[in-house]
Amino acid sequence: MLINPYRVMWLLVAFDLPTNTKQERREYTEFRKALLKLGYTRMQFSIYTRWSGSLEKCQSHQKKLEAILPPSGKVSVITFTDKQFGMMKHYYCSEKLEKPISNQGQQIEMF
C-alpha cells in the first residue's frame, strides 16, 4: 500500500516561553519534555516537529498539544504535507547540509 504524500502531515511547533523566574523555567522544561514524550523531534531549540499519518491523526495530535500548553508565552503550530516538508532546505553557516538535521520521517505509526 502506497502512502499518499498529500495526506501525510507534519506538525511544526514553535514556541517562545518566558524563563525569567524559577517557575517559568520549570514550565518551559515540562513543556519541552512533554513534546518529546508525545513523539516530537527537536529541530532547533524552540522548534519541534512530528510526523502524522493522516489529517485526522494530525488533528488528534493538535488536541494533545493543546492539553499541555503552558500558562504563559506563545506557541505556534504549523501543519503541512509530507511533500511540502520534503522540500524544506537546511542551511548552516550558508552551507547546504547533505542530510536532514534529525532522523525525521523514520517514525512508524501503526494505528
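Just so you know, all these numbers are worked out from the coordinates, no wet-lab data involved. No experiment lies behind these values; they were computed from the predicted model shown. Ideal geometry is used to build each Cβ from the backbone, glycine not excepted, and the neighbour counts take in all protein chains shown.
Tell me, what ³J(HN,Hα) does each residue in segment 9-19 have, in order and in whole Hz, if you take phi through Karplus 6.51 cos²θ - 1.76 cosθ + 1.60 with θ = phi - 60° and put x for Gly and Pro?
So the J values, rounded to whole Hz, are 10, 10, 10, 10, 10, 10, 9, 9, 10, x, 9.
Would you mind counting up the charge near Gly73? Only other residues with Cβ under 15 Å from its Cβ, with Lys and Arg at +1 and Asp and Glu at -1. Intermediate results must be reported in sequence, preceding the final value.
On the way: positive: Arg25, Arg26, Arg32, Lys74; negative: Asp16, Glu24, Glu27, Glu30, Glu66.
Neighbourhood net charge equals -1.
Using alpha-carbon pairs under 8 Å, 6+ residues apart, how would you state the relative contact order of segment 9-96 in percent?
In percent, rounded to a whole number, it is 46.
Quick one: which residues, 5+ away or cross-chain, put their amide H under 5 Å from the amide H of Met43? H built at 1.01 Å from N.
Under 5 Å from the amide H of Met43 lie the amide H atoms of Tyr48, Thr49, each far enough along the sequence or on another chain.
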